[in-house]
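Below is one structure, written out as structure tokens; the observations come after it.
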Amino acid sequence: MNQTPFKFEKTNRSLMDLLFEPPSVGKMSPVAKVVVYTFLAIWSVFVLFPIYWVVITSFKDAAAVNQGPFYIPFVDFQPTLDAWRSQFNSDPYCDLSSIARQFYLLAYNSVVFLISPVLSLDPMEPQICKIYLAFTNSLVIGVVSTVFCVAVGSMAAYALARIQYKPKFGNILVFVGLALLTIVATAYAGIPWWVSSTVALAMFFFLARAFGRHFRRSLGNGDILFWIISQRILPPIVVVIPVYVMFQAVGLLDTHLALIILYAVSNLPIVVWLMHDFFVNLPIELEESAQLDGATRFGIFWEIVLPLTRPGLAATTLLILVLNWNEYLFAVFLATVKVQTMPIMVAAKNAGEKGVFWWEMCAVIVVMIIPVIVMAILLTRFISRGVLLGAVKG
Amino acid sequence: MDNGQPGATPAVSSLNESWGEWFDRHSGTFFIAPAVTLILIFAILPTFYSIVFAVSRVKFTAEGLTVRFVGFRNFSKQLFGTDQVHFLGKTAPVGLVGMAFFVIVTGFVLWWLYRSAKTSTLVGMIGRCISAAMAIFLAWILGASQLSGNSIGTLYTTLFYVLFGCGVQFLIGTGLALLCSQPIRGRSFFRVIFFIPLMVTPLGVGYAMKMVADITKGPFEPVLRFVGLEKWVWSADPWSARFVMMICDSWQWIPFIFICMLAALENVPRDHIEAAEVDGASQTQIFREIVWPQIVPVAVTVLLIRAIEAFKIVDLPNIMTGGGPGSSTESMTLHSVYVWRANDIGTSAAIAYLLLILTVVVCASFFNYVVLGRLRRSRA
């Protein structure tokens, strides 16, 4: 018997087959290839065009913007650096020493705030041109808030993944009732907020100690996790009005601290959600053996668990950093002069008596979006490795 | 309490333990306390505080804040009173189509409620009643405003942004993910390019889109002139303004759907698809029978997340049209912001609360009947 091995004949296929049939399993036919690449190319243009338009507008002068659309630099208009120069020419203090002074001011003012109950010092006033001010503010608020949020959030996520909590249902009801009473007393009866909240807190601990053991029903970890994640549903506009009043009462309006705290809280649900998924999927044996060797819980978290989730931690941090950098609604309510962030600065360019200087605004927008585009490119590296999207499948 | 877990708390605590031991024994509390405290103070407390504002007249005076209780007047002003046209839309002459729509939807919802009454528990039934009431209310408003030829208010503008935006973005995003999951070169390049818009500052997107969509100095001016639409002003007609808003919103949010669906598609085992190809299945059959059932769990979760974020839309309409023409592109958040600017804090909080109720009921209904319902069916 002479058995010839089966061979796929490529040569004698008709033209239609050549065009419409894939050459082998797992490949595409030529026509399908053309269609796919066409669609992808069209979408790439759709995505990149607005960004391209902003970038070239920042190199236009007034005439090139106002006399109708011009598309390609050097071909149909002559690019200038006027818009960029005017960011620095309009204000004094646009040099390196101003930036250094701004960072010193941030440290100095936070110390002043911390010791203010004991010793009242005058905080420093910023002396720096607007674009540097906005950029340093955005940077400091974004980075500090991200670090804070990821630290607090991943601790909570780890705890929810590994420790059993059983908050009593009744205690929660007591807490809600006392919180409502406190707010009503503060708002209508005019009792100072620190008196009513201290009394309420003391009463809560007393009541929880006294009656807590009589409550039967308790909640589990899943309920706490759901409660934290569901905070994301809360529209920020619901929170921001009372928060404005609260910060006004403690004199924190227009400070970095206010924005740092608020950004951190608004992103906590995302951190907890993503990090919980990483921690749950870690093998528990490592932690058990470290436990047997006498490591403390915090030691396990810091030296074993966190290094193991490093890619997830990095990806989460990047995501939160981008969200903080982009935040606008909280900033527009709480930051007026001294802590203007980049989005606020861009929006302020819109309000001119002589009309909007689009070229100047575009220059600021470019400064604002370059960092996020860099972070987006870094983030896609994590996403393509499958980090970050595990939580979505839950 | 938690035997078998690492770090089970020792049952006996000696009196002369060190601070470190004490700290370690209570580590469970220390791990979770910061997050819970922060959320309680800066999310839960303000939410309660908002209730107080929503039922009050609030004034900023020299010595601080004066709050006077007015009952539900702020809410009734939105639903029945002077702000009704702004919030719900014009509902006065109800047309035949609107009436028919309302009756059909109501009948359908009541039949669904009656059918599920036999099987569900008491709590489930209460939830269903709330969902049904919301559905009937929304059907009445839609029937009385848009379907009777009247204008719609910020409530339905928001819902339009959510429903239409989610739908279109889901279709295009999934389509792009399907294209990108084909065996092509340069996949990671396209992935980076397509992901970027999601990360660009929404405010920057707003201004960029305002420039690009400009009809006299924007890049599409020659195109419009060529088509003969140089007199057409998209921002003058309510629906065209809303659709332009949705195009710009899609530019930003399609990447989110795309990136999640692409990850889901790449998780579908290749050998299943190749086996089906060898067996002679067509591409549609492969998609319907093999790919789709495996990506549906991600799809519903992604839609839920997208819907939650879509309810918060504020930057784009604020920048591109300022809510105009009239108030026809105003979302509920923007409505609330404008009322706040007019120093009417009580009404602003009331609108914010109505948005919260709408978001929670719609998202919880979707979660319960679609996400969990699918889980229950797959287990059964």
Exercise. In whole Hz, with x marking every Gly and Pro, tabulate ³J(HN,Hα) for the stretch B:319-327 from phi via Karplus 6.51 cos²θ - 1.76 cosθ + 1.60, θ = phi - 60°.
Key: 7, 6, 10, x, x, x, x, x, 10
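Quick one: putting +1 on the C-beta of Lys and Arg, -1 on the C-beta of Asp and Glu, what dipole do you get for the protein assembly as shown around its Cα centre, in Debye to the nearest 20? Could you put the intermediate results ahead of the total?
On the way: 52 positive and 42 negative charges, 351 e Å.
Dipole size: approximately 1680 debye.
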Practice problem: Using the Karplus curve 6.51 cos²θ - 1.76 cosθ + 1.60 with θ = phi - 60°, work out ³J(HN,Hα) for each residue of the stretch B:301-314 in order, rounded to whole Hz, and write x for Gly and Pro. | Solution: 5, 4, 4, 4, 4, 4, 5, 4, 6, 5, 5, 8, 3, 8
Quiz item: Quick one: Karplus J couplings for the stretch A:42-48, per residue in order, coefficients 6.51, -1.76, 1.60, θ = phi - 60°, nearest Hz, x for Gly and Pro?
Solution: 4, 5, 4, 5, 4, 6, 7
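Give me a single rounded figure for B:298-307: the average over its residues of other chain Cβ atoms within 10 Å of their Cβ.
2
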Practice problem: With a 10 Å radius around each residue's Cβ, average the other Cβ atoms per peptide and rank A:65-72, A:312-319, B:88-95, highest first. | Solution: A:312-319, B:88-95, A:65-72
Quiz item: How big is the equivalent ellipsoid of chain A along its three axes, where each semi-axis is √(5λ) from the Cα gyration tensor, reported in whole Å from largest to smallest?
Solution: 47, 39, 20
Quiz item: In cubic angstrom, how much convex hull volume per residue do the alpha carbon atoms of the stretch B:247-314 span?
Solution: 87
Quiz item: Under 13 Å from the 7 Å Cα→Cβ point of A:I370, by amide nitrogen: which residues of the stretch A:62-86?
Solution: A:84-85
Quiz item: Other chains' Cβ within 10 Å of A:185-194 residues: what's the mean?
Solution: 2
Quiz item: Could you give the nm distance between label points at B:V227 and A:A41, where each point is 7 Å from its Cα heading toward the beta carbon?
Solution: 2.2
Quiz item: Taking Rh as the Kirkwood radius, which is the inverse of the mean 1/r over Cα pairs, what is the Rg/Rh value for the stretch A:1-155?
Solution: 1.33
Self-check item: Per residue Cα convex hull volume in Å³ - calculated over the stretch A:278-344
Solution: 120
Quiz prompt | Euclidean distance between Cα centres, the stretch B:335-380 to the stretch B:187-237, Å | solution = 30
Quiz item: Could you give the nm distance between label points at A:K166 and A:V34, where each point is 7 Å from its Cα heading toward the beta carbon?
Solution: 7.0
Quiz item: Going toward the positive end of the dipole of the stretch B:225-315, with +1 on Lys and Arg Cβ and -1 on Asp and Glu Cβ, which of B:T284, B:Q294, B:I254 do you reach last?
Solution: B:I254
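Where does each of A:204-214, A:50-60, B:229-239, A:181-191 land if you order them by average Cβ count within 10 Å, highest first? Intermediate results must be reported in sequence, preceding the final value.
Numbers: A:204-214: 12.1, A:50-60: 20.4, B:229-239: 13.7, A:181-191: 17.5.
In decreasing order of mean packing, A:204-214, A:50-60, B:229-239, A:181-191 become A:50-60, A:181-191, B:229-239, A:204-214.
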Exercise. State, in angstrom, two size descriptors of the stretch A:190-334 derived from its alpha carbons: Rg to one decimal place and Dmax to the nearest whole number.
Key: 19.8, 56
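Test of understanding: what is the full-extension gain from A:I115 to A:D61, defined as 0.36 nm times their sequence separation minus their Cα-Cα distance?
Working: separation 54, 0.36 × 54 = 19.44 nm, distance 4.94 nm.
The span from A:I115 to A:D61 would gain 14.5 nm if fully extended.
What does the convex hull of the Cα atoms come to per residue for the stretch A:166-219, in Å³? Working shown, then result.
Details: hull volume 3.5 nm³, N = 54.
Expressed per residue, the convex hull around the Cα atoms of the stretch A:166-219 is 65 Å³.
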Quiz item: Which cross-chain or sequence-distant (5 or more) residues have an amide H under 5 Å from the amide H of B:S56, H modelled 1.01 Å from N in plane?
Solution: B:V70
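Please find the FRET efficiency linking A:V147 to B:A33, where r is the Cβ-Cβ separation and R0 is fixed at 25 Å, and quote it to the nearest 0.05. Can you show the working numbers first?
Numbers: r = 19 Å, r/R0 = 0.74.
It comes out at approximately 0.85.
Rounded to a whole number, what is D in µm²/s for the protein assembly as shown from Stokes-Einstein with the Kirkwood radius over alpha-carbon pairs (4 °C, 1.567 mPa s)?
Numbers: Rh = 29.4 Å.
Approximately 44 µm²/s, per Stokes-Einstein.
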Practice problem: Please express the Cα-Cα pair-distance distribution P(r) of chain B as a list of whole percents, one per 20 Å bin, running from 0 to the bin with the greatest distance. | Solution: 20, 47, 28, 4, 0
Self-check item: A:F77 long-range amide H proximity, modeled H, under 5 Å
Solution: A:I72
Quiz item: Taking Rh as the Kirkwood radius, which is the inverse of the mean 1/r over Cα pairs, what is the Rg/Rh value for the stretch A:145-268?
Solution: 0.99
Quiz prompt | Label-point separation, A:V356 to A:E285 (7 Å along Cα→Cβ), nm | solution = 6.1
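Across all directions of projection, what mean area in square nanometres is found for the Cα convex hull of the stretch B:109-186? Each step should come with its number before you reach the end.
Values: hull surface 36.4 nm².
Value for the stretch B:109-186: 9.1 nm².
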Practice problem: Identify, among A:A179, A:H256, A:M275, the residue whose Cα sits farthest towards the positive end of the charge dipole of the stretch A:178-294, taking +1 on the Cβ of Lys and Arg and -1 on the Cβ of Asp and Glu, with the dipole about the Cα centre. | Solution: A:A179
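Compute the semi-axes of the equivalent ellipsoid of the stretch B:23-69, taking the square root of 5 times each eigenvalue of the Cα gyration tensor, and list them largest first in whole Å.
Details: eigenvalues 259, 26, 8 Å².
Output for the stretch B:23-69: semi-axes of 36, 11, 6 Å.
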Practice problem: Provide the packing ranking of A:104-115, B:356-367, i.e. peptides ordered by the mean count of other C-beta atoms within 10 Å per residue, highest first. | Solution: B:356-367, A:104-115
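Okay, helix-only estimate at 222 nm for chain B: each DSSP H run of n ≥ 4 adds -39500 (n - 2.57), divide by all residues, round to 500 deg cm²/dmol; what do you get? Working shown, then result.
On the way: 19 runs with 252 residues, N = 380.
When only DSSP H runs of four or more count, the value is -21000 deg cm²/dmol.
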Self-check item: Rounded FRET efficiency, nearest 0.05, which uses the C-beta distance separating A:I377 from A:D122 and R0 of 41 Å
Solution: 0.40
Quiz item: Stokes-Einstein D for the stretch B:152-341 at 4 °C, 1.567 mPa s, Kirkwood Rh over Cα pairs, in µm²/s?
Solution: 70
Self-check item: Helix-only mean residue ellipticity at 222 nm for chain A, each DSSP H run of n ≥ 4 adding -39500 (n - 2.57), per residue, nearest 500
Solution: -21500 deg cm²/dmol
Practice problem: At most 14 other Cβ atoms within 10 Å and a DSSP loop assignment: could you name the trypsin sites (Lys or Arg not before Pro) in the stretch A:291-387 that fit? | Solution: A:K354, A:R385
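Just tell me how shielded B:182-193 is by partners: mean number of partner chain Cβ atoms within 10 Å of each residue's Cβ, no decimals. Don't jump to the answer; show the numbers that get you there.
Numbers: counts 8, 6, 6, 2, 2, 2, 3, 2, 6, 4, 9, 8.
Rounded to a whole number, the mean comes out at 5.
When N is the residue count of the stretch A:29-80, what does its C-alpha Rg come to as a fraction of 2.2 N^0.38 Å? Kindly include the intermediate steps, with their values, before the conclusion.
Details: Rg = 15.8 Å, N = 52, 2.2 N^0.38 = 9.9 Å.
Dividing the Cα Rg of the stretch A:29-80 by 2.2 N^0.38 Å gives 1.60.
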Quiz item: When the distances between all Cα atoms of the stretch B:199-295 are binned every 10 Å from zero, what whole-number percent does each bin get?
Solution: 13, 28, 19, 17, 19, 3
Exercise. Please get the size of the charge dipole for chain A, origin at its Cα centre, with Cβ charges of +1 on Lys and Arg and -1 on Asp and Glu, quoted in debye to the nearest 20.
Key: 1080
Quiz prompt | Given charges at beta-carbon only (K, R positive; D, E negative), |dipole| of chain B in Debye | solution = 940
Practice problem: Could you pull out every Cys in chain A that lacks a partner Cys with its beta carbon under 4.7 Å away? | Solution: A:C149, A:C362
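Here, each number is a calculation from the coordinates, and none is a lab measurement. Everything quoted here is computed from the prediction, not taken from an experiment. All Cβ positions, even for glycine, are placed from backbone atoms using ideal geometry, and neighbour counts span all protein chains on display.
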